[in-house]
Each structure stands twice: as C-alpha cells, then as structure tokens.
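Asker: Have a look at this one.
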Amino acid sequence: MSLTIAIDGPVGAGKSTVADEVARRLGILHLDTGAMYRALGLTAIQLGVDLQDEEAVTRLCDGTEVSVLHSAEGQRTLVGGKDVTPFIRTQEVSMAASTVSRYAGVRKRMVAIQQQLAEGTDMVLDGRDICTTVLPRATAKIYLTASDEERARRRWEELKKRGAEESFEQVLEEVRQRDQQDMNRPVEPLRQAPDAALVDTTELNFDESVAAILRIVGEKRHG
C-alpha cells in the first residue's frame, strides 16, 4: 500500500516548504497542488482573461496543459510544456489562484490530475482540499496553520527577499482576504477534515514543524 500524506491549510502556513522537507526525509515525492492553480492564474493574467468570468476561466483551464516535473531541485510547474515556476509566487498570482480555484470546472479537472499523479505512488500532497477531496483515504492527514499575524509575517519576509515593497499591513490584509475566499468558496472550501491532525506552527520553527508532521505520519503508519 502506498504512503500518502495529505496536508491542508491556509496561505502562509508554510505547507510547501514543510511538505518538501517531509518528503525529502521520507524519500518520497512532493506535489504542490497550489502551484497548479497558480499556473492557471498566471496564464489567465497573461492572456487577459477576466478572473471573475467563471465560464471563460473554465474554458481556459480545459484548453491549458498544466503539468509538473520532479527533479533534484524540487517540483517544476509547467504550462504547455513551458516552465513557469519562477513566475507564480507573486501576490498578484496568489490572489488570481485563489479566484480561479473557486470554480467547479477548474477544481474538477485539477483534482483529477492530482489524483492520477498520486495513484500508487508514495507522495506528500499539500493544498486546500487534499484531506477532504483529493486524498480522502490518505495514510496521514494534517491541517497546518498559524495565526494570521504570523502567517503574514512569514509571507512579508518572503516577499522582501524577492524585492517586493509591500508593507506588513498590506500583506496581512491580503492574507485575511485570501482566507475569506478560500474558506467561503462554494466548491470544496478550505476546512479541517474531521480526521486531520491539527498542527499549529505559530510558536514552532521550521524543524519543529517538520518533526511534528513526521511524528503524526509515524503514528499512522505503525499504529
């Protein structure tokens, strides 16, 4: 039986970086599903598609090949075979991803791709609906979170390293806005699955967060 680890949580909780390290220590793959929605959001922006037009965005999704490659450097996210990984971490793309991920047709197609990638493969998946929709029978389910302020601080520090000039207050407002969109969308909203273990990283550093998840995985694997 394959080992599957599902990690959900809000923006800025550190899901991708923590999942990367968990996968590395276990010697398995990591699929950052949020990067797939970001890639679609980026494509919509580049093509001038109205993000509020569900039908147009769904058509774009149906006609766009979003795929991933795993390498020694981690996941690379591709659109039509072109690597867009360096361009999908801006605040504009983050909000676009939150918007396009609200649409049922988009989620249906993306979930099908994610399930196909994880089928029969040892893998860590992180996103917003992994525990509840993509991998409801995962070996271990985790809801990773932190306080609004701490998540905004981490996001702000990350953006500063990339040369962005947004204030902490702007980033905090964007984090809260993203939470509202993700938690209140009509299709597969962000929520903690009843059987997912809660890991609050507000007071934890990176290594402590990874260790907490590895403990949960070990308990689930070995009873």
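The values are calculated or read from the model by the stated rules, or taken from the named source; none is laboratory data. Predicted, not measured: the structure shown is a model, and the values here were computed from it. Every residue, glycine as well, gets a Cβ built from its backbone with ideal geometry; the counts of neighbours run over all protein chains shown. What goes into the accessible areas is simple: the full protein's heavy atoms, side chains included, and nothing from ligands, DNA or RNA. Shrake-Rupley method; radii C 1.70, N 1.55, O 1.52, S 1.80 Å.
Asker: Roughly speaking, what is the stretch gain from Q116 to M183, that is 0.36 nm per residue apart minus the C-alpha to C-alpha distance, in nm to one decimal?
Answerer: Working: separation 67, 0.36 × 67 = 24.12 nm, distance 2.54 nm.
Roughly 21.6 nm would be gained on extension.
Asker: Here is a further query. Hey, any idea what % of the range 1-142's accessible area is carbon plus sulfur with a 1.4 Å probe?
Answerer: Details: 2930 of 5840 Å².
Ligands and nucleic acids excluded, carbon and sulfur give 50 percent.
Asker: For the chain, what does the helix formula give at 222 nm: sum of -39500 (n - 2.57) over DSSP H segments with n ≥ 4, over the residue count, nearest 500 deg cm²/dmol?
Answerer: Values: 8 runs with 109 residues, N = 223.
Computed mean residue ellipticity for the chain: -15500 deg cm²/dmol.
Asker: Roughly how many debye, to the nearest 20, is the charge dipole of the range 77-223 about its Cα centre, given +1 on each Lys and Arg Cβ, -1 on each Asp and Glu Cβ, and no other charges? Walk me through the numbers on the way to the answer.
Answerer: On the way: 23 positive and 25 negative charges, 132 e Å.
Taking the Cα centre of the range 77-223 as origin, the dipole is about 640 debye.
Asker: Any idea what the alpha-carbon Rg over 2.2 N^0.38 Å comes to for the chain?
Answerer: So the chain has a normalised radius of gyration of 0.96.
Asker: Now for a separate question. Where in the range 42-60 does the label zone of K82 land, with the point 7 angstrom along Cα→C-beta and an amide N cut-off under 13 Å?
Answerer: Taking a point 7 Å out along Cα→Cβ of K82, the residues of the range 42-60 whose backbone N falls under 13 Å are 42-48.
Asker: Report the full-extension gain for the segment H70 to R24: residue separation times 0.36 nm, less the Cα-Cα distance, to one decimal in nm.
Answerer: 15.3 nm
Asker: If you don't mind, there's one more thing I want to ask. Roughly what would the spin-label model give for E203 and E169, points 7 Å off Cα along C-beta, in nm?
Answerer: 3.0 nm
Asker: Let me ask something else about it. According to the square roots a ≥ b ≥ c of the eigenvalues of the Cα gyration tensor, what is the shape class of the range 95-223, taking rounded for a/c under 1.5, prolate for a/b larger than b/c otherwise, and oblate for the remainder?
Answerer: Working: a/c = 2.00, a/b = 1.22, b/c = 1.63.
It is oblate, given that a/c is not under 1.5 and a/b is not larger than b/c.
Asker: Starting from one equal scatterer on each C-alpha and no solvent at all, send me the Debye-based log10 I(q)/I(0) for the range 1-125 at q = 0.14, 0.16 Å⁻¹, two decimals.
Answerer: -0.59, -0.77
Asker: So, one more: Output the antiparallel fraction of DSSP beta bridges having both residues in the chain, as a percent to the nearest 5.
Answerer: On the way: 8 of 25 bridges.
Close to 30 percent.
Asker: Could I ask something else about it? Hey, any idea what Rg/Rh is for the range 141-189, computing Rh the Kirkwood way over Cα pairs?
Answerer: My calculation of the ratio gives 1.05.
Asker: Over 27 Å between Cα atoms, which of K141/K161; K82/K108; K108/K220; K15/K82; K82/K220; K82/K161 qualify?
Answerer: Cα-Cα > 27 Å for K141/K161; K108/K220; K82/K220; rest within.
Asker: While we're looking at this one, here's another question. Which whole-Hz couplings ³J(HN,Hα) result when phi for each residue of the range 121-130 is put into the Karplus expression 6.51 cos²θ - 1.76 cosθ + 1.60, θ = phi - 60°, listed in order with x for Gly and Pro?
Answerer: Going residue by residue, I get 10, 5, 7, 9, 10, 10, x, 10, 9, 6 Hz, with x marking Gly and Pro.
Asker: How compact is the range 163-223 by the rule of thumb for globular proteins, expressed as Cα Rg over 2.2 N^0.38 Å?
Answerer: Normalised Cα radius of gyration, the range 163-223: 1.53.
Asker: A follow-up question, please. When ranked by the protection proxy of mean other Cβ atoms within 10 Å per residue, highest first, what sequence do the peptides 2-14, 83-95 form?
Answerer: The most tightly packed comes first, giving 2-14, 83-95.
Asker: Could you tell me the center-to-center distance, by alpha carbons, between the range 178-223 and the range 88-129 in angstrom?
Answerer: After rounding, the separation between the Cα centres reads 17 Å.
Asker: What order, most packed first, do the peptides 148-154, 123-129 have when packing is the mean number of other Cβ atoms within 10 Å of each residue?
Answerer: Output ranking for 148-154, 123-129: 123-129, 148-154.
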